[in-house]
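A short worksheet on the structure shown next.
Each reported figure results from applying straightforward, stated rules to the coordinates on display, with no laboratory input. The shown structure was predicted, so the numbers you read here are calculated from the model rather than taken from an experiment. All Cβ positions, even for glycine, are placed from backbone atoms using ideal geometry, and neighbour counts span all protein chains on display.
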Amino acid sequence: MKARMNFFAKAPVLLEAMRALNKAVDESGFERKLLHLVKLRASQINGCSYCVDMHVKEARHDGESEQRLHLVSAWRESPLYSERERAAFEWTEAVTLLPQSKAADEFYAPLTTHFSDEEIVQLTMLIGVINTWNRLCVAFRSQHPVDRQVEAA
């Protein structure tokens with residue numbers, strides 16, 4: 001698959017605004033591991049290899065375990081995630097798959113047990129931002145870097 005264009009170079013003002021929003025959401029107070037897990041789950045759903053690669057690497061850097069990273073796509077079947085993380089995953093899927101889920105009460109209700117109203121807004125903004133990045137990267141066929149050890153295999 002060939003990249004279509006460097007969208008950063010073609011719309012720098014818009015992309016700088018997007019980066020600023022991304023930074024504000026990242027600095028909103030959420031624990032780093034939860035930020036990475038939510039970004040990773042949305043990116044998996046959207047099939048964004050660029051973002052999956054990036055968020056796995058960032059999560060590792062911030063101390064997330066390999067096992068938890070490998071099991072994000074099967075979080076419902078894994079005992080490795082807290083109830084707070086499960087509520088965040090459920091909401092991530094509901095907001096990412098909005099046409100199907102309609103962000104129904106069944107997905108929203110668990111949030112209120114584990115997150116304050118402010119955190120629910122922050123989480124929803126986080127999901128919105130990563131979905132925008134995913135759409136940009138998938139639409140323009142952004143290519144993730146290939147690690148030398150993978151390249152040699």
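Before moving on, here are some points about what is shown:
- Number of residues in the stretch 31-47 that are buried (at least 19 other Cβ atoms within 10 Å of the Cβ) and of a type in the set (D, E, K, R) equals 2.
- Positions within the stretch 86-102 being touching a residue at least 12 places away in the same chain (Cβ under 8 Å) and over 21 Å from K33 (Cα atoms), in sequence order: L97
- Near pairs, Cβ below 9 angstrom, 6+ apart or cross-chain, from the stretch 62-85 (farther than 23 Å from D26 by Cβ) to any residue that is in a helix (DSSP H, G or I) and of a type in the set (A, V, I, L, M): S78/V72
- Failed criterion for T92 (all others in (1) buried (at least 18 other Cβ atoms within 10 Å of the Cβ); (2) under 15 Å from S142 (Cβ atoms); (3) of a type in the set (S, T, N, Q) hold): (2)
- Of all the listed residues (S43, S73), the sole one being out of contact with any strand residue (DSSP E or B) (no Cβ under 6 Å at 6 or more places or on another chain) and within 14 Å of T132 (Cα to Cα) is S43.
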